[in-house]
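Novice: Below are the structure tokens for one structure; questions will follow.
Readers should treat all values here as calculations from the given coordinates under stated rules, not as data from a laboratory. As the structure is a prediction and not an experimental result, all values here were calculated from the model. Positions of Cβ are generated from backbone atoms using ideal geometry, with glycine treated the same way; all protein chains shown enter the neighbour counts.
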Amino acid sequence: MASLKLPIKTWNLTSSGTTYKISTDPKLLDHDFINKAFASDHMPWAKPMSAEVLQSLLANSLTLGLYISDPNIKPPKSAEEPDSPRTPSPTLESDESTWEQIGMARLVTDHVTVLYFTDMFIDPAYQRRGLGRWMVKCIREQIQALPVFRTLLLLTSNPRAREMYEKELSVKNVVDRKDGIICMTRSSYEE
């Protein structure tokens, strides 16, 4: 029997003349960016990982990457056809842009019934632009795409995030830990 996997999904947003993209395509993930996020004070629960361990973590998760379009970055030339005087390398069209990763959210899932939402991060330089709320709405779409959704689970210590998760994901607080972290959940059987 074949394994069920949620299909790769991409969302686009243009705000104040800047174009953003959220994608579940694992090929777009910038491992250096992710390790820097894990090392930052904004993700105190996480630590940087070796390339091999990070690859395994991402291969076994559904990760949403948040990207910003930068038309000033020149696209790379093709690796298949190196530059030479006789055969110039093909490049992307000059009006195409490249994407720089500025955020992420990771979902540990069986792709059928359950999601554990973790590792939400947006570069502080891009916070307060509505990108976090947009990412959570994209996560909600992923939840709705599960064939037999049963449970969403997440942990947070951020009061603003808690309110957003309650509103956008319909989660409820089930445990308040002494260290300030709360456990939130939602079941398909709850309205």
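Novice: Return the subset of LYS5/LYS137; LYS27/LYS137; LYS47/LYS178; LYS5/LYS27; LYS21/LYS137; LYS47/LYS167 for which the Cα-Cα distance in this structure is over 24 Å, preserving the input order. Don't skip to the answer; put the middle values down first.
Specialist: On the way: LYS5/LYS137 20 Å; LYS27/LYS137 22 Å; LYS47/LYS178 22 Å; LYS5/LYS27 16 Å; LYS21/LYS137 13 Å; LYS47/LYS167 29 Å.
As for pairs spanning more than 24 Å Cα to Cα, those are LYS47/LYS167.
Novice: I'd like the distance between the alpha-carbon centres of region 17-72 and region 116-177, rounded to an integer number of Å.
Specialist: Region 17-72 and region 116-177 have Cα centres spaced 17 Å from each other.
Novice: Further question: Quick check on packing: order 49-56, 165-172 by the mean number of other C-beta atoms within 10 Å, highest mean leading. Write down the numbers at each step before the final one.
Specialist: Values: 49-56: 12.1, 165-172: 16.9.
So the order, starting with the most tightly packed, is 165-172, 49-56.
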